[in-house]
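Report on one structure; see the data block that follows.
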Amino acid sequence: MKRTALALVIGLVIDCFLGDPHSLPHPVVLIGKLISFLEKQLRRLFPKTPKGEQAAGGVLWLLTAALSFGIPAGILWLCGRVSPWLALAAQSVMCWQIIAPRSLRDESMKVYTALKTGSIQDARQAVSMIVGRDTAQLDQAAVTRAAVETVAENTSDGVIAPLFYLFLGGPALGFLYKAVNTMDSMLGYVEPPYKNIGLIPAKLDDVFNYLPARLSALFMLLSGWILGMDVKNGWKIFRRDRYNHASPNSAQTESVCAGLLGVRLAGDASYHGVLHKKKFIGDPLREITAEDIPKSCRLMYGTTILMLAACALLLAAIPM
């Protein structure tokens, strides 16, 4: 566990400097290709009925999870047989690939730059790269809300939850979590053709994110206090709106972020041409602006540092 803690720190430092270089192959991309391959094959093998597609989704989940856990575990075992330093290097690189605060910041700041210096079409294009909703008709405020919501939600999904599972079980468990999250991102929709095959991946993603989402919300509140934001309102909106989402987890951090910033997030959104009615999160104490995007990024980094510090303290308290 001590080596995992060091690998976490090294991985986070690498991410701060390098982010996710697009020129290098990324394991999560490979996981996505595996999911697409298995989806095509399993749709052919299982009956084209609701129960058959749900069963296909369950098999897809098991195969993807097993491979995502087993391959990095095997690599780390082989590295450990050669040298503990090689194992540390491999763990550090894997941690870098699993946690993604720099990538989240960079992609959301592209939206900010487009809003400040480009056209609304540029902003819509930039935000379409980080959200699943339809973006072609969004105005400036809606684009900004989408970016802030993504940073808030992915503070948990993309940073704190991976740190949580890395802390519990090292990179193998971290990659298992990334596979769970990727399956939900690719298949967890309520519209055809994903409604049935994505049911089990979506439900298990809710299970895996249940505790990390709530830890993320609490650390985000503490981060907001350190950054001088409106913690009283953050706590109020968290208590009131943390379940204003179809997922039991997504609104945990979104509600905190909305309260700390004093803006209203969420509301109706269109996915694949279908309008989804959604509850609002937060109160419109002021109009949302492009400056809320870098503010949400600072909240994300503050939350990350607090989570890492908590992990380090827990490891220090564990006797050797």
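The values are calculated or read from the model by the stated rules, or taken from the named source; none is laboratory data. None of the values given here were measured: they were computed from a predicted structure. Using ideal geometry, Cβ is built from the backbone for each residue, glycine included, and neighbour counts are taken over all protein chains shown. When the accessible area is computed, the model is the full protein with side chains, heavy atoms only, and any ligands, DNA or RNA have been set aside. Shrake-Rupley method; radii C 1.70, N 1.55, O 1.52, S 1.80 Å.
If we keep just the residues of the range 264-286 that are among the aliphatic types (A, V, I, L, M) and either under 17 Å from T135 (Cα atoms) or modelled with pLDDT under 85 (or both), which is most open to solvent (accessible area, probe 1.4 Å)? Restricting to residues being among the aliphatic types (A, V, I, L, M) and either under 17 Å from T135 (Cα atoms) or modelled with pLDDT under 85 (or both), the top hit is L275. Scanning the range 287-310 for residues that are open to solvent by 80 Å² or more (accessible area, probe 1.4 Å) and of a type outside the set (A, V, I, L, M, F, W, C), we see that the one that is nearest to L12 (Cα to Cα) is R298. Which residue is farthest from G174 (Cα to Cα), if the candidates are limited to the range 110-140 and must be touching a residue at least 40 places away in the same chain (Cβ under 8 Å) and open to solvent by less than 30 Å² (accessible area, probe 1.4 Å)? Checking each candidate, the answer is L115.
In the range 127-151, which residues are assigned to a helix (DSSP H, G or I) and either among the hydroxyl-bearing types (S, T, Y) or over 18 Å from the mean Cα position of the chain (by Cα) (or both)? Once the filter is applied, which keeps residues that are assigned to a helix (DSSP H, G or I) and either among the hydroxyl-bearing types (S, T, Y) or over 18 Å from the mean Cα position of the chain (by Cα) (or both), the range 127-151 yields S128, Q140, A141, A142, V143, T144, T150.
All but one of (1) in contact with a Leu (Cβ under 9 Å, 6 or more places away or on another chain); (2) open to solvent by less than 40 Å² (accessible area, probe 1.4 Å) hold for E107; state the number of the condition that does not hold. Unmet condition: (1).
Taken together, G74, G57 contain a single residue that is of a type in the set (G, A, S), assigned to a helix (DSSP H, G or I) and closer than 27 Å to Y271 by Cα, which is G57.
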